[in-house]
Ligand code: ATP
Ligand code: MG
């Protein structure tokens, strides 16, 4: 399975309908500061169901809608579609290609679609469960997250591992470090040792 295309319309700086096509292998997005590279990563996170405006570098959810420019008025709606191909094996799907769409209006109304048919966020979450794809599965690493992992400060690296292991936040665990890490690491007696 691989990401075949990403379609953006009215999402952040992508006011015009834009389709990005990807091939198997490594793809690099290159451009000057502020040209919209991180907005592409944000759009993937968003279409997969991100509910935190902060994770999308905004204050509220509607901040992802194109807010207008000197020569252009703001958009009222934004839409992102993500097209995955060769999905049968990884997603256990009857479909060879899967297109997930998310749309949001300025009044806050939000919609999701699966292969063009309206669906719920829950259906999308269920589809990607345990596949390594998804907004919380580290398949998308935001700018600065790699720095955090490579950081020489153990507490910064630890915060990443704790989040990946779904442990309590660093601030909470810092207050009782031994309890939180010990209580979560258990070896099942049923496993061979
Ligand atoms: P850098 O190299 O500095 O990381 P980048 O290529 O990752 O830059 P982005 O952060 O993706 O750039 O894009 C920032 C641009 O997107 C800014 O010019 C900002 O004004 C624009 N932008 C963000 N949200 C919106 C929005 N809702 N409407 C219009 N433009 C937006
Ligand atoms: Mg960036």
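The values are calculated or read from the model by the stated rules, or taken from the named source; none is laboratory data. Since this is a predicted model, take the numbers as computed values, not measurements. FYI the Cβ positions are ideal-geometry reconstructions off the backbone, even for glycines, and counts take in every protein chain you see.
Does residue 47 satisfy the criteria of being modelled with pLDDT of 95 or more, near ligand 1 (Cβ under 9 Å from one of its atoms), closer than 19 Å to residue 134 by Cα and in the same structural domain as residue 122 (by TED's automatic domain parsing)? Judged against the criteria, residue 47 is not a match. Among the numbered conditions (1) within 13 Å of ligand 1 (Cβ to nearest atom); (2) under 14 Å from the mean Cα position of the chain (by Cα), the only one that residue 30 does not meet is (2).
For residue 74, the criteria (1) more than 10 Å from ligand 1 (Cβ to nearest atom); (2) touching a strand residue (DSSP E or B) at 6+ places or on another chain (Cβ under 9 Å); (3) farther than 25 Å from residue 141 by Cβ hold in every case but one, which is (1).
Taking residue 114, is it without any contact (Cβ under 8 Å) to a residue 40 or more places away in the chain and either assigned by TED's automatic domain parsing to the domain that holds residue 47 or closer than 25 Å to residue 132 by Cβ (or both)? Here the answer is yes, as residue 114 does meet what is asked. For the range 146-160, enumerate the residues that are within 16 Å of ligand 1 (Cβ to nearest atom) and either farther than 24 Å from residue 53 by Cβ or exposed (fewer than 13 other Cβ atoms within 10 Å of the Cβ) (or both). Scanning the range 146-160 gives 146, 147. Taking strands (runs of 3 or more DSSP E) as the structural unit, those lying wholly within the range 96-145 and holding at least 1 residues that are under 13 Å from the mean Cα position of the chain (by Cα) and surrounded by 14 or more Cβ atoms within 10 Å (Cβ to Cβ) correspond to 97-105.
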